[in-house]
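The values are calculated or read from the model by the stated rules, or taken from the named source; none is laboratory data. Note that the coordinates shown come from a computational prediction; the quantities given were computed from them, not determined experimentally. When we count neighbours, we look across all protein chains shown, and the Cβ atoms used for this are built from the backbone with ideal geometry, even at glycine.
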Amino acid sequence: MSEESRSTLVTGASRGIGRAIAFRLARQGHRIAVNYNTHPDDAEEVVEAIKSEGGEAIAVQGSVAEREQVDAMFAATEEAFGPVQILVNNAGIIDDALILRMKDQAWDRVIQTNLNGTYYCCHRAVPGMVKARWGRIINISSVVGISGNIGQANYSASKGAIHSLTYSLAKELSSRNITVNAIAPGYIETATVDGLPQKTKDTIMTWIPMRRFGVPDEVAVAAEFLAQDAARYITGIILRTDGGMAISGSN
């Protein structure tokens, strides 16, 4: 049974996990705003692929780290599809270093994009969801927001804070029929993971009970589930898609 078509914004949707989520939600029948910051050709490719399958999609440029650009991407989405009813906060960056070598700029940049960007998007989306008395907010965090990781103090802190933000918003918004959940992926086959040295990949593999990296669609299927009306009684959860990494304790 097809879901009701809803206005949907997926941030960081030109590649990787965001791209897979955009496709999954489009196939559910939702109208998709494909946000990108620096890869317009990739975003347009996603849009055209969705349209070729009979879906509706537009590309919207903007950095989630900048409040004015967030407002602009929401305005473009609203003009095309109406107020955002499903928000997937996927956009994020890494800037890794051991704490002894980490620069303040690296800390600030990761927190500004990953945490503040998620806040900006939630803050912009919530009034429309409250008015409609329906909404889905899905925050893409990370397993390292649960377990931490060497060399990723800034990234882990930003993702752990997203978990706390998810819990708080779930409590605030549940009476308005708005669910707020997070998905915490482990190591997923994306450009970031592909670029790691093989020795590092081999080490990471020992941390994962399933002994393989995930693929973007295995995260996207979790977002597809949480976006459904049938998931209306699920809020304030952190859904791990990590092959068991968070329970292994090896990292």
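With a requirement of 3 or more residues that are modelled with pLDDT of 90 or more, the helices (runs of 4 or more DSSP H) lying completely within region 196-251 that satisfy it span 216-227. Look at region 189-214: where a residue is on the phi < 0 side of the Ramachandran plot and a partner is of a type outside the set (G, A, S) and modelled with pLDDT under 85, sitting 6+ places away or on another chain with Cβ atoms under 7 Å, you get W207/N251; F213/V193.
Considering (1) small (G, A, S); (2) in contact with a Phe, Trp or Tyr (Cβ under 8 Å, 6 or more places away or on another chain); (3) buried (at least 20 other Cβ atoms within 10 Å of the Cβ), the lone condition that A22 does not fulfil carries the number (2).
If you go through region 57-66 one residue at a time, do you hit one that is of a type outside the set (D, E, K, R) and in contact with a His (Cβ under 9 Å, 6 or more places away or on another chain)? Reasoning before the result, please.
First pass over region 57-66, keeping only residues of a type outside the set (D, E, K, R): 57-65.
Keeping just the survivors that are in contact with a His (Cβ under 9 Å, 6 or more places away or on another chain) gives none.
Looking through region 57-66, none of the residues is of a type outside the set (D, E, K, R) and in contact with a His (Cβ under 9 Å, 6 or more places away or on another chain).
Search region 10-19 for residues being of a type in the set (A, V, I, L, M, F, W, C) and not in a helix (DSSP H, G or I), and hand back the single one that is surrounded by the most Cβ atoms within 10 Å (Cβ to Cβ). If you could, list the steps in order and put the result at the bottom.
Going through region 10-19, the residues of a type in the set (A, V, I, L, M, F, W, C) turn out to be 10, 13, 17.
Then drop every residue that is not not in a helix (DSSP H, G or I), which leaves 10, 13.
Numbers: V10: 34, A13: 31.
Applying the filter and picking the extreme gives V10.
Exactly one residue among R101, R67, R133 is basic (K, R), in contact with a Lys or Arg (Cβ under 8 Å, 6 or more places away or on another chain) and surrounded by fewer than 20 Cβ atoms within 10 Å (Cβ to Cβ), and that residue is R133.
Scanning region 175-195 for residues that are more than 14 Å from V144 (Cβ to Cβ) and at pLDDT 90 or above returns S175, R176, N177, I178, T179, V180, N181, E189.
Out of I137, I150, one residue alone is within 17 Å of G236 (Cβ to Cβ) and not basic (K, R). It is I137. Take N149 and tell me if it is closer than 26 Å to G244 by Cβ and surrounded by 24 or more Cβ atoms within 10 Å (Cβ to Cβ). The answer is no for N149. Annotation: of all residues in region 193-211 being closer than 17 Å to T241 by Cα and of a type in the set (V, I, T), the one that is surrounded by the most Cβ atoms within 10 Å (Cβ to Cβ) is I208. The residues listed here are G135, G92, G82, G128; of these, the one that is in contact (Cβ under 8 Å) with a residue 24 or more places away in the chain, farther than 18 Å from S7 by Cβ and not β-branched (V, I, T) is G92. Applying the condition of being in a loop (DSSP other than H, G, I, E, B) and among the hydroxyl-bearing types (S, T, Y) to region 35-64 and asking which residue is surrounded by the most Cβ atoms within 10 Å (Cβ to Cβ) yields S63.
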